[in-house]
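Heads up: the structure comes next, in structure tokens.
The values are calculated or read from the model by the stated rules, or taken from the named source; none is laboratory data. Because the structure is a prediction, the values reported are computed rather than measured. Note that we place each Cβ from the backbone using ideal geometry, even for glycine, and neighbour counts take in every protein chain shown. Side chains included, ligands, DNA and RNA excluded: accessible areas come from the protein's heavy atoms. Shrake-Rupley method; radii C 1.70, N 1.55, O 1.52, S 1.80 Å.
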Amino acid sequence: MTFSIAGRCERTGRFGVALATSSIGAGGRCPHVRPGVGLILTQARTDPRLGPIGLDLLSAGRSAAETITGILASTSHGRWRQIAALTAAGDAACATGGDVARPAGGLTLDGAVVVGNWVHDDSVIAAIGAGYEADPAADLADRLIQGLEGGLAAGGELDPLQSAALIVCDPGYRFPIVDLRVDLSATPIADLRVAWRKWDVVMEGYLQRALDPANAPMTQALEGHTAKAGA
């Protein structure tokens, strides 16, 4: 019961994913990313074990479509799964099992993939893609959230949303530069955008802590309040 958008920015080489759902904790179960390699989405009746299998296949040089095939070959429960794959180069593919809650489906775009299940109707999938593509010059994180907002405006999920997540990888880092989650919220997509805006302001300072900790700003300077320096 989730709708998601994964995409790659041609301008920056960043890739990432955003999702929203009526289930709790989906940000820890559905998206699986590996910087420099790509990402896997496993949703509907989620099996988090499929994420690492897919990432290993991508790491071995498989295409997105070959990776989907390999993931489905690894499980006897593929009919319950909705899966998407995106390589760091922007190759995308998806699959929706026959027992996934309808309405459900997927859409591949230029360097992006949309998947959703238990959505209001089929127009939600197209609206997510349209939201993502509305402003190609925008930051990838903004585009991904715009995709979720487009899907919500088209009807969203059939059950009330309560969680959302955003992950973005950058070619210069061996860990995600954005990893934000919202849970137990009546407005998770709106809250995710607020969290992204706040993180965007301080992100470079926190990334500097990884690369140059001696000269990185203190937490107080980053966030403008009294806090422990080592967070």
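Numbers at a glance
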read-out: Hits in region 82-108 (condition: under 29 Å from GLY13 (Cα atoms) and of a type outside the set (A, V, I, L, M)); value: GLN82, THR87, GLY90, ASP91, CYS94, THR96, GLY105, GLY106, THR108
read-out: From VAL124, VAL201, residue being outside any strand (DSSP E or B), without any contact (Cβ under 8 Å) to a residue 24 or more places away in the chain and over 15 Å from the mean Cα position of the chain (by Cα); value: VAL201
read-out: For ALA65: the one exception among (1) within 30 Å of PRO136 (Cβ to Cβ); (2) out of contact with any helix residue (DSSP H, G or I) (no Cβ under 7 Å at 6 or more places or on another chain); (3) open to solvent by 20 Å² or more (accessible area, probe 1.4 Å); (4) not in a helix (DSSP H, G or I); value: (4)
read-out: Selection count where residues are out of contact with any Ser or Thr (no Cβ under 8 Å at 6 or more places or on another chain) and farther than 15 Å from ARG181 by Cα, scope region 143-157; value: 9
read-out: Number of positions in region 20-32 that are surrounded by fewer than 24 Cβ atoms within 10 Å (Cβ to Cβ), farther than 18 Å from GLY70 by Cβ and not basic (Lys, Arg); value: 5
read-out: Some residue of region 114-128 being of a type in the set (Phe, Trp, Tyr) and open to solvent by 10 Å² or more (accessible area, probe 1.4 Å); value: yes
read-out: Of all residues in region 68-92 being free of Cβ contacts under 8 Å to residues at least 12 places away in the same chain and of a type in the set (Ser, Thr, Tyr), the one that is surrounded by the fewest Cβ atoms within 10 Å (Cβ to Cβ); value: SER76
